[in-house]
Amino acid sequence: MSDNKLWHETLHDHFGQYFSVDNVLYHEKTEHQDLVIFENAAFGRVMALDGVVQTTERDEFIYHEMLTHVPLLAHGHAKRVLIIGGGDGGMLREVCRHSSLESITMVEIDAGVVSFCRQYLPKHSAGSYDDPRFNLVIDDGVNFVNSTTQTFDVIISDCTDPIGPGESLFTSAFYEGCKRCLNPGGIFVAQNGVCFLQQDEVLDSHRKLSHYFKDVSFYQAAIPTYYGGIMTFAWATDNEALRHLRPDTIQARFHSAGIRCRYYNPAIHSAAFALPQYLQDALSGQAS
Ligand code: SAM
């Protein structure tokens, strides 16, 4: 891809977004995906896989803060975290900010994403790959969760959309494996697409996760480069109370964690579980 041209996203038919390309930093086919990292005047460095925007320097903090701090502060005493995917390193950066954690494992299918994002998106990982608690596994996430003897308190599926290698992370086999290696009281969360445009993916995850977890729902945040409205994050646990924590409990945990965020705060945490009526109706099977 040459510089000074437009990069068009290919996620949706009939409409989409584009970015002007000021400078291509890297563009190769890895073992699994077409990986491009380029500079854009509005969003800084942009990384895309197989024609779909994965992350940008400008708005990545919203996504990584919400997929990390909501489950970790809701859990309240997590020690072991598993990240599935996450090759750009942004989720790892946010998880490592929780000093109370003892072990952080990341299972990423594509070693190329890790190495080239470490090189070209250094602000994402921000040195967290060197955290002594961190362990990197290069594998398909579905294989790992169905074979590991380890168990975890929080599992974060920071995956691509359900196309290509990411498809396996939206299957019952994956969700069953996550349930298998979650400790009692554990929480599973996952990026689940922009519900206005990808509602079928939300309903599909809800149906499959409900076979394995007592409390399955979603929470949301709007991330500009995942365009089309709010992004929904899947939420699954056997302890429904974790989704209905008192605001003062969240506030106290946030304060004791001693982290300062750019998007997340306790009020946003509680409000994020409020879902649009059309999605609530679709989830309860009452869509008009
Ligand atoms: N924020 C992005 C989003 O919401 O679409 C996700 C970013 S992260 C780069 C997605 C990562 O998932 C990529 O590094 C990709 O290689 C990885 N991935 C895709 N399929 C996978 C699988 N089956 N097992 C493990 N990692 C996978």
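The values are calculated or read from the model by the stated rules, or taken from the named source; none is laboratory data. All figures in this text were calculated on a predicted structure; none of them were measured in a lab. Cβ atoms come from the backbone with ideal geometry, glycine included; neighbour counts cover every protein chain shown. The accessibility values were calculated without ligands, DNA or RNA, using every heavy atom of the protein model including side chains. Shrake-Rupley method; radii C 1.70, N 1.55, O 1.52, S 1.80 Å.
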Net charge near Q33 (other residues with Cβ under 9 Å of its Cβ; Lys, Arg +1; Asp, Glu -1) is -3
Would you kindly calculate the translational diffusion coefficient of the range 192-288, applying Stokes-Einstein with the Kirkwood radius from alpha carbon pairs, for 20 °C and a viscosity of 1.002 mPa s, and quote it in µm² s⁻¹ without decimals?
-> 147 µm²/s
Phi to ³J(HN,Hα) by Karplus 6.51 cos²θ - 1.76 cosθ + 1.60 over the range 32-38, Hz, x for Gly, Pro = 10, 8, 8, 10, 10, 10, 9
Spin-label model distance (nm) - E9 vs Y263, 7 Å beyond Cα toward Cβ = 1.3 nm
Counting only protein heavy atoms and using a 1.4 Å probe, what share of the accessible area of the range 6-55 belongs to carbon plus sulfur, as a whole percent?
-> 48 percent
All lysines inside 25 Å of K179 as judged from Cα atoms, apart from same-chain residues fewer than 8 positions distant | K79, K208, K214
What nm value, rounded to one decimal, do you get for the distance between D131 and R118 when each label is placed 7 Å out toward the C-beta?
-> 1.6 nm
Using a Förster distance of 30 angstrom, determine the FRET efficiency expected from the C-beta separation of K29 and R180, and round it to 0.05.
-> 0.35
What residue among P122, P247, P71 shows peak mean-square fluctuation when the chain is described by a Gaussian network model with Cα springs under 10 Å?
-> P247
Could you provide, to the nearest whole Å², the per residue accessible area of the range 6-55 with probe 1.4 Å?
-> 48 Å²
Using amide H atoms built 1.01 Å from N in the peptide plane, name the residues 5+ places from G86, or on other chains, whose amide H lies under 5 Å from its own.
-> D158
Loop-only check: which GluC sites (Glu not before Pro) in the range 83-184 are DSSP coil with at most 12 other Cβ within 10 angstrom?
-> E102
Take every Cα-Cα distance within the chain, group them into 10 Å bins from 0 onward, and report for each bin the whole-number percent of pairs it holds.
-> 6, 30, 38, 21, 4, 0
For the range 170-287, give the percent of accessible area contributed by carbon and sulfur heavy atoms, probe 1.4 Å, rounded to a whole number.
-> 53 percent
Using the heavy atoms of the protein chains and a 1.4 angstrom probe, tell me the accessible area per residue for the range 59-285 in square angstrom.
-> 38 Å²
Which ³J(HN,Hα) values in Hz, rounded to whole numbers, follow from the phi angles of the range 254-270 under the Karplus curve 6.51 cos²θ - 1.76 cosθ + 1.60, where θ = phi - 60° and Gly and Pro get x?
-> 5, 5, 6, 5, x, 10, 10, 10, 9, 10, 5, 8, x, 5, 5, 3, 5
